[in-house]
Amino acid sequence: MLEPRETDGRMQGADDSATSDCQSPLPKVLVVDDLPANSKLVEGVLEPLACEVVVATSGQRALALLDCDEFAVWLLDVQMPEMDGYELARRAREHPRGKDVPIIFLTAMRPSVEGVHRGYGSGAVDFLFKPLDATVVRSKVQVFLELYAGQRRLASAYEELKAAQARLVQAAKMASLGELVAGIAHEINNPLAFALSHVETVKKCLQRVEGSPDTTISPSAEPDWQRACARLAEVGMGLERIRELVLKLRVFSRLDEGEWKVVSVSESVDSVLMILGHRLSASIAVEREFSAPDLLECYPSLLNQAILNVLANAIDAIDGRGKIVIRTSTVAGTYVIQIADDGPGIPRELRERVLEPFFTTKAPGQGTGLGLSITYSIVRKHGGTLELECPPAGGTSVTLRIPGSAPRSLAG
Ligand SMILES: Nc1ncnc2c1ncn2[C@@H]1O[C@H](COP(=O)(O)OP(=O)(O)OP(=O)(O)O)[C@@H](O)[C@H]1O
Ligand SMILES: [Mg+2]
């Protein structure tokens, strides 16, 4: 049995709440006792365990520690001046970091039934009586250290699972969009090819008829003839536009180009704008300020996806009327793509959260909350960074930075 020494002497380093090494990877145990000698004793008992013991000499100091630290278990003295252990436990429960922490009360006096009820009511998981039995204290604390480690593992596995799920959903979304686009482009291409070729044939035929010395077009037929020729030229122009569109759709889908290669960024941007064309209108100005070289080595389909996600957000943000500026530049070998809109910006309190998978402020069915988190992981796969800025003047600017010599594997 260990007898706590009741002493006036203060433990070194314990007078101002606690000493705590923020870099330590070990789980932390908080010991709260107004008498430093008692805390020292508990520290000695816990020494063999893989944990860091943090000591606080009052309830106030313990509560202040909760603001910057997380603990696997608390060991609280019940009798303390100012704030006793029960009150401290009750107040700790109101703190986000203290609401679930296991609390063990250490007490020299056997509490009454009421005291025990008050202790458990204030969130205790156990009582230990002084003089403390070192083996019992160690065993109980060890159980909570293991529980804490298990919870941490579970939490990080859950986070990984959520991120993997987000990647899968977005990949599936993009794969089906890509397939659809490629399928449509292919289906349009064949009839388009013969329509274009027939228009050319008809034009030549008409030119031959017109140029032939045997042809006389009566004055009454002349306006119709002219009209037919003009309309045919317009049909040709219309078909040309469809051909360009199909080309851009194919650039966008790039299903066969899931590998690392050199692409034209302006072509990528054009193909994405083409895909989003139905959501653009005359009251949305899209400006391009491209000052970087056009070619970039990247995963083309992923780059398209990243640009698409950011542009789609900009279109959503400006809500039908406004300006989007797409800029490219290079800074010290890094390729910079910036997309800025003059929408309402992202509220300060949400900025930390918008990169989280499934975080959305859009109505159900309008957004999955995956766009930015996927863009972020795409940029990271390229070894780059993503930055969101909301200048005081308003709007949002998203900057993707892709280093010149990005990693070639898809790991990460
Ligand atoms: N340019 C922007 N201006 C204002 N808010 C933005 C902008 N871009 C993103 N946001 C905010 O960030 C949130 C998350 O964006 P994210 O692209 O990840 O998901 P989403 O657009 O809601 O859904 P989706 O999965 O369809 O992209 C949005 O719901 C929106 O609140
Ligand atoms: Mg989005």
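The values are calculated or read from the model by the stated rules, or taken from the named source; none is laboratory data. Here the structure is a predicted model, which is why all the values come from computation and not from measurement. In this analysis, Cβ positions are derived from the backbone assuming ideal geometry, glycine residues included, and neighbour counts consider all displayed protein chains.
Given (1) within 12 Å of ligand 2 (Cβ to nearest atom); (2) farther than 22 Å from GLU160 by Cα; (3) not in a helix (DSSP H, G or I), where does LEU355 come up short, assuming only one miss?
All conditions are met except number (2).
State whether the residues of segment 121-131 include one that is assigned to a helix (DSSP H, G or I), more than 30 Å from the chain's Cα centre (by Cα) and more than 30 Å from LEU75 (Cβ to Cβ).
Filtering segment 121-131 down to residues assigned to a helix (DSSP H, G or I) leaves 121.
Of the ones still in play, those that are also more than 30 Å from the chain's Cα centre (by Cα) are 121.
From what is left, the residues that are more than 30 Å from LEU75 (Cβ to Cβ) are none.
The answer is no; no qualifying residue exists.
State whether the residues of segment 363-376 include one that is surrounded by 16 or more Cβ atoms within 10 Å (Cβ to Cβ), at pLDDT below 85 and of a type in the set (A, V, I, L, M, F, W, C).
Yes: segment 363-376 contains one or more residues that are surrounded by 16 or more Cβ atoms within 10 Å (Cβ to Cβ), at pLDDT below 85 and of a type in the set (A, V, I, L, M, F, W, C).
Sort out which residues of segment 380-402 are hydrophobic (A, V, I, L, M, F, W, C), touching a strand residue (DSSP E or B) at 6+ places or on another chain (Cβ under 8 Å) and either more than 17 Å from SER301 (Cβ to Cβ) or modelled with pLDDT under 90 (or both), and write them in order of number. Walk me through how you get there before you give the answer.
Keep residues of segment 380-402 that are hydrophobic (A, V, I, L, M, F, W, C), which gives 386, 388, 390, 393, 398, 400, 402.
Narrowing the set further to residues that are touching a strand residue (DSSP E or B) at 6+ places or on another chain (Cβ under 8 Å) leaves 386, 388, 390, 398, 400, 402.
Across segment 380-402, the qualifying residues are LEU386, LEU388, CYS390, VAL398.
Quick check on my filter: what residues within segment 366-385 are near ligand 1 (Cβ under 10 Å from one of its atoms) and on the phi > 0 side of the Ramachandran plot?
Taking segment 366-385 and keeping what is near ligand 1 (Cβ under 10 Å from one of its atoms), we get 366-376.
The answer is GLY369, and nothing else.
Please verify whether segment 290-300 includes one or more residues that are within 12 Å of ligand 2 (Cβ to nearest atom) and polar (S, T, N, Q). Walk me through how you get there before you give the answer.
First pass over segment 290-300, keeping only residues within 12 Å of ligand 2 (Cβ to nearest atom): none.
There is no residue in segment 290-300 that is within 12 Å of ligand 2 (Cβ to nearest atom) and polar (S, T, N, Q).
Does at least one position in segment 373-389 carry a residue that is outside any loop (DSSP other than H, G, I, E, B), in contact with a His (Cβ under 7 Å, 6 or more places away or on another chain), assigned by TED's automatic domain parsing to the domain that holds ASP270 and within 22 Å of VAL262 (Cβ to Cβ)?
First, pick out the residues of segment 373-389 that are outside any loop (DSSP other than H, G, I, E, B): 373-381, 385-389.
Those left that are additionally in contact with a His (Cβ under 7 Å, 6 or more places away or on another chain): none.
Within segment 373-389, not a single residue is outside any loop (DSSP other than H, G, I, E, B), in contact with a His (Cβ under 7 Å, 6 or more places away or on another chain), assigned by TED's automatic domain parsing to the domain that holds ASP270 and within 22 Å of VAL262 (Cβ to Cβ).
Condition (residue is in contact with a helix residue (DSSP H, G or I) (Cβ under 6 Å, 6 or more places away or on another chain), within 15 Å of ligand 2 (Cβ to nearest atom) and touching a residue at least 12 places away in the same chain (Cβ under 8 Å)) applied to segment 322-329: is it met by at least one residue?
There is at least one residue in segment 322-329 that is in contact with a helix residue (DSSP H, G or I) (Cβ under 6 Å, 6 or more places away or on another chain), within 15 Å of ligand 2 (Cβ to nearest atom) and touching a residue at least 12 places away in the same chain (Cβ under 8 Å).
Can you tell me which condition ILE275 does not meet? The list is (1) touching a Leu at 6+ places or on another chain (Cβ under 9 Å); (2) closer than 16 Å to ALA340 by Cβ; (3) within 15 Å of ligand 1 (Cβ to nearest atom), and all the others hold.
ILE275 satisfies every listed condition except (2).
Does segment 220-228 contain any residue that is within 32 Å of the chain's Cα centre (by Cα) and either acidic (Asp, Glu) or loosely packed, with under 12 Cβ neighbours inside 10 Å (or both)?
Restricting attention to segment 220-228, the residues satisfying the condition of being within 32 Å of the chain's Cα centre (by Cα) are none.
Looking for residues that are within 32 Å of the chain's Cα centre (by Cα) and either acidic (Asp, Glu) or loosely packed, with under 12 Cβ neighbours inside 10 Å (or both), one finds none in segment 220-228, hence no.
Would you list the helices (runs of 4 or more DSSP H) that sit entirely within segment 218-333 and hold 3 or more residues that are modelled with pLDDT of 90 or more and outside the structural domain of SER397 (by TED's automatic domain parsing)? Working first, answer last.
Details: elements: 222-253, 265-275, 300-318.
By residue number, 222-253.
Within segment 334-351, which residues are among the aliphatic types (A, V, I, L, M) and either in a strand (DSSP E or B) or more than 9 Å from ligand 1 (Cβ to nearest atom) (or both)?
To start, the set of residues in segment 334-351 that are among the aliphatic types (A, V, I, L, M) comprises 336-337, 339-340, 346, 350.
VAL336, ILE337, ILE339, ALA340, listed by residue number.
So ASN309 clears everything in (1) more than 9 Å from ligand 1 (Cβ to nearest atom); (2) crowded, with 21+ Cβ neighbours inside 10 Å except one condition, right? Which one?
(1)
With respect to ASP33, determine if the residue is crowded, with 23+ Cβ neighbours inside 10 Å, of a type in the set (Asp, Glu), in contact with a Ser or Thr (Cβ under 6 Å, 6 or more places away or on another chain) and touching a residue at least 40 places away in the same chain (Cβ under 8 Å).
Numbers: crowded, with 23+ Cβ neighbours inside 10 Å: yes; of a type in the set (Asp, Glu): yes; in contact with a Ser or Thr (Cβ under 6 Å, 6 or more places away or on another chain): yes; touching a residue at least 40 places away in the same chain (Cβ under 8 Å): yes.
Judged against the criteria, ASP33 is a match.
Going through segment 183-215 one residue at a time, which ones are acidic (Asp, Glu) and not in a helix (DSSP H, G or I)?
Across segment 183-215, the qualifying residue is only ASP214.
I'd like the full set of residues that are surrounded by 14 or more Cβ atoms within 10 Å (Cβ to Cβ) and among the β-branched types (Val, Ile, Thr), limited to segment 79-129.
Once the filter is applied, which keeps residues that are surrounded by 14 or more Cβ atoms within 10 Å (Cβ to Cβ) and among the β-branched types (Val, Ile, Thr), segment 79-129 yields VAL101, ILE103, ILE104, THR107, VAL116, VAL125.
In the set GLU114, GLU159, which member is assigned by TED's automatic domain parsing to the domain that holds ASP77 and part of a helix (DSSP H, G or I)? Full working, then the answer.
Details: GLU159 fails: assigned by TED's automatic domain parsing to the domain that holds ASP77.
Of the residues listed, the single one that is assigned by TED's automatic domain parsing to the domain that holds ASP77 and part of a helix (DSSP H, G or I) is GLU114.
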